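Presented below is the structure to which this report refers.
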Amino acid sequence: MALSRPLSRSLSRALGRGISGGIGLIKRLLDLYPGAAAAYSLQDIGGGGNVTRVRRSSDNAEQDFTAGQIGDPLRQFALNGDSDLWDFASGSSPRMYFDGINDNVTVAGMTAASNYFRACTIQATVFIPDASDSGSVFSLGIDCYRLRHFSGTWKINTTNTHVSVTEGIQTLAVDYNSSGKATALRINGATEWVGTASAGSSPSTLFNIGSAGSVHFTGLIYDFSLSGSSVKNFAFNGYGNQNSDWEDTVGSNDGTVNGSPALFTGQGFDAYVTTWYDQSGNGNDATQSTAASQPQIVDSGVIVTDDDGIPSMDFDGTDDGFFTSTGLGLVQPITAFCIGKSTLSSSFDPFMDGEFGGGRCQIGRSSSNFQFFAGTAQTPFTSDDNKHLLSCLYNGASSSARLDGTSSGTINTGTGGMGRISIGRDNPLGGTDLEGQVSELIVYDSDQSTNRDAIEQNIANRYGIALS
Amino acid sequence: MKYLILESGIAYARALSAAMWGVTRPSGDNSTKYYVGTLQHPDGRAALQVLGEAIETEDEDGNPAYVFTESQPIHKDCDASAFREVIKDSVTEAEANAIEAGIEAAKGGRMSLLSVVLASPSLSPRLKTKEELQADGWFPEPQE
C-alpha cells in the first residue's frame with residue numbers, strides 16, 4: 001500500500017530515514033546498494049544508529065548523535081544543555097550579543113561628573129562566555145560608575161576587587177555612594193566585595209552599557225537597571241538588538257544601540273567531530289583523537305551546513321582530518337563516492353586519501369583540477385570552489401571518474417589499493433590538508449558500474465546536486 | 001599558529017599533548033586524547049602545535065600587556081603535577097615549578113600554552129613559525 005507523502009515523511013523521520021520526492025518510504029542508500037567497505041555521512045544512509053561523536057568546546061564533553069539529532073539537539077548539546085541559553089539562541093527569547101569590538105548601548109543626556117548619579121545601585125544580568133577575556137559591563141564615560149572585568153577579576157571604577165570572574169549567566173549589582181564611590185559588589189545576590197572604590201577622572205555625558213572607552217564587553221547584558229538615584233534612574237529589558245529593545249521602562253532615558261550587534265545564536269559555543277561512524281557495518285570508524293585537528297560541526301551555536309543548507313562539517317585547511325585506525329586492505333576494483341567542497345588551502349586539497357606506503361586511492365583538488373589517483377594521477381575535470389559529487393571507479397587502465405554525473409571516459413588511475421582511509425588529509429603523518437567540507441564518503445570494495453548511476457542519483461537527490 | 005620544537009622525539013611530543021589534554025579533561029572518559037597536533041622531522045625531532053597568537057596591548061594602567069587569542073580550559077580537578085612530570089624534561093626545575101603553580105592558579109579558568117612558552121627561557125627560543133619549519137624541511141612535499 002502506498003503511503004501519502006506527509007505520512008511517509010513523518011514515518012521516515014520517525015525512523016531516522018531519508019526521504020526522496022517519490023511517494024512511499026524510500027530505502028536508504030546502503031539498504032538498496034549494500035556491500036560498502038566504509039560509509040560516512042551525517043545522514044542515515046543505512047547504519048540506523050549514531051552517525052557521529054561530537055566534542056563541545058565549552059567543557060570538552062563528548063556525545064554521540066544520530067542523523068536525526070544533527071539539528072537542535074546538537075545545538076543544545078553545544079550550548080551545554082543550558083535551557084536559558086537555548087531559549088536565547090533558539091530565538092524564543094532573543095538577546096543582543098555584544099561582540100567585544102564595537103557593540104554597545106549608550107544613554108545620552110547625562111552630566112559629565114564623577115558623582116553624577118549620587119548614591120545608586122546599578123544592576124545587570126550578564127552572560128560571560130570567557131572569564132579570561134576583558135570587558136566593561138557599564139560606565140559613565142571611561143572610568144566612573146564603571147564595572148569591568150580584566151585578567152580574571154572584577155574591577156569597579158578604578159579599583160580591583162580581586163573577586164574572580166566566573167563564566168556563565170549571573171546577576172551583578174554594584175552600590176555607589178553619593179560621592180560616586182562604589183561600596184559593594186553583589187553577584188547573584190551574594191555580597192562578594194565591600195570597600196571604597198574611587199571614581200575615575202573621565203566621566204562624560206554618555207552612559208555606556210557594554211563598553212568603557214575602547215574596552216568592550218563580549219557576551220550578553222540584559223535586565224539592566226540604575227535605581228535609587230536622586231538624579232536619574234533608568235531600566236532596560238534589553239531583549240533584542242534594536243533601539244526599541246532598549247527603551248527605558250521607568251522613565252524616558254532610552255538607549256541607543258551602536259555597532260552592528262547580532263542576536264545571540266550561541267556565539268562562543270562550538271563543537272567538533274571526534275568520530276565519523278562507519279555506517280557500512282564494518283566498524284571502519286574514522287576518528288580524530290587530537291582536539292585541535294577535529295573538523296567543526298557547530299560554529300557559534302549554529303550547525304555547519306553546505307552551500308544548500310544541508311548539515312556538513314568544516315575542515316580548516318591546517319590539520320583537520322579523520323583516519324581509520326587500521327588499514328582496510330582493499331584491492332581494485334574499488335568504487336568511491338564523495339560529496340566535497342574545497343576552497344584550496346594549498347597546492348592540493350584531499351577529500352579522500354590513504355596512507356603513504358599503505359595503499360592510496362585518492363580524490364582531491366589540485367590547483368586547477370579535481371584529481372583521482374591510485375598510483376597514477378588523473379585530472380579530467382576543471383576545479384572550482386563549489387560543492388560537487390565526485391566518484392571514481394579505480395580499476396587500473398579501465399578506471400573512470402565522474403563529476404556531478406559527467407564522466408571522464410576511461411582513464412588509468414593506477415592499480416593501488418586502499419589501506420587506512422584518510423578524510424581531509426593526504427596522510428596520517430601530515431602533509432596537505434583540506435580547506436572545505438566533506439559531507440559524505442562511501443567506498444565499495446567492488447566495481448559498482450551497474451549501480452553507479454542509481455547510487456549517484458540517490459546521493460545527488462539528498463544533497464541538491466543536479467547531475468548532467 | 002606556531003610550533004614548539006622538541007628534541008626528545010615524537011613520543012615525547014605526543015605525551016606532552018596528552019598531558020595538555022589531561023589538564024583540560026582529566027577524567028579521560030572520551031575519545032579525544034590529545035590537545036594539539038604533533039609533527040615529526042625526518043631527523044627525529046618533533047614539534048608541538050602552539051595555538052593562537054600573542055597580541056601586544058596595554059593594561060588599564062598603560063603598561064605593556066599581551067592578549068592571547070587562544071586559551072586552554074584548565075579543569076578545576078586537574079592534576080597540575082602530572083603535567084609538570086612531562087614538561088620538566090624540557091625546562092629548568094624553577095620553570096617547571098612556575099608552570100605547575102600557574103596551572104594550579106588557573107584551575108577552573110583558562111591558560112594559554114603560548115603564554116607559558118613565551119614566559120619560559122627554556123622554551124621560548126624553540127618557538128617557530130610554520131614558514132621556519134617549512135624552510136627547515138619539516139613538511140613533506142605534497143605527493144600525488
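A short reminder: the numbers here are calculations on the coordinates, not readings from a lab. Keep in mind it's a predicted model, so treat the numbers as computed, not measured. Virtual Cβ from ideal backbone geometry, glycine too; neighbours counted across all protein chains shown.
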27 Å Cα-Cα threshold exceeded, pairs from A:Lys155/B:Lys128; A:Lys155/B:Lys2; A:Lys155/B:Lys33; B:Lys2/B:Lys33; B:Lys88/B:Lys130; B:Lys2/B:Lys88: A:Lys155/B:Lys128; A:Lys155/B:Lys2; A:Lys155/B:Lys33
Nearest-ten-degree value, helix A:5-14 long axis tilted from longest Cα axis of chain A: 80
Check: the range A:218-302 dipole with +1 on Lys, Arg Cβ and -1 on Asp, Glu Cβ, in debye: 180
Where only alpha carbons of the range A:260-339 are counted, the Rg and the Dmax (Å): 15.8, 56
Förster-model FRET efficiency, 45 Å R0, A:Ser198 and B:Asn97, C-beta, rounded to 0.05: 0.75
Interatomic Cα distance distribution for the range A:230-389, bins of 5 angstrom, percent: 2, 7, 12, 15, 15, 12, 8, 5, 5, 5, 5, 4, 3, 2, 1, 0, 0
Shape of the range B:64-103, Cα gyration tensor, a/c cut at 1.5: oblate
Percentage of interatomic Cα-Cα distances in the range A:86-220 larger than 24 Å: 24
Positive-pole candidate from A:Ala89, A:Ser449, A:His388, dipole of chain A, charges at beta carbon: A:Ala89
Whole-number Å³ per residue for the convex hull built on Cα positions in chain A: 159
Rg followed by Dmax, in Å, when the range A:44-113 is reduced to its Cα trace: 18.9, 69
Kirkwood-type radius of chain B, with distances r between different C-alpha atoms, in Å: 16.0
Point-to-point label distance, A:Leu32-A:Asp385, nm (Cα→Cβ direction, 7 Å offset): 3.3
Assigned charges on the beta-carbon of Lys, Arg, Asp, Glu; chain A dipole about Cα centre (debye): 480
Other protein chain Cβ atoms within 10 Å, averaged over every residue that makes up A:395-408: 0
0 to 90° range, to nearest 10: angle between helix A:449-463 axis and chain A longest Cα axis: 10
About the Cα centre, charge dipole magnitude for the range B:1-109 (Lys/Arg +1, Asp/Glu -1 at Cβ), debye: 660
Amide N of the range A:146-178 lying under 15 Å from the label point, which is placed 7 angstrom from the Cα of A:Val231 along Cα→Cβ: A:146, A:176-178
Estimated 222 nm signal from helices in chain B, with DSSP H stretches of n ≥ 4 weighted -39500 (n - 2.57), rounded to 500: -10000 deg cm²/dmol
Length released on extending from B:Lys76 to B:Ala135, taking residue separation times 0.36 nm less the Cα-Cα span: 17.2 nm
Projected label distance in nm at A:Thr305 and A:Ser368, using a 7 Å step from Cα toward the beta-carbon: 3.5
Given charges at Cβ of Lys, Arg, Asp, Glu: the protein assembly as shown dipole, positive-most of A:Phe372, A:Ala61, A:Met352: A:Ala61
Exercise: per-residue mean of other protein chain Cβ atoms within 10 Å, A:278-291: 3
Ranked A:Leu147, A:Leu344, A:Leu42, A:Leu467, criterion: other C-beta atoms within 10 Å, fewest first: A:Leu467, A:Leu344, A:Leu42, A:Leu147
For the range A:151-196: rounded, prolate or oblate by the Cα gyration tensor [a/c cutoff 1.5]: oblate
Globularity ratio of the range A:183-315, using Cα Rg and 2.2 N^0.38 Å: 1.62
Cα-based Rg / Dmax (Å) for the range A:395-468: 14.1, 37
Alpha-carbon centroid distance for the pair the range B:88-107 / the range A:381-424, whole angstrom: 51
Approximate spin-label separation A:Asp453-B:Ser8, in nm, with each point projected 7 Å along Cα-to-Cβ: 6.2
Helix-only [θ]222 nm of chain A, DSSP H runs n ≥ 4, -39500 (n - 2.57) each, per residue, nearest 500: -2500 deg cm²/dmol
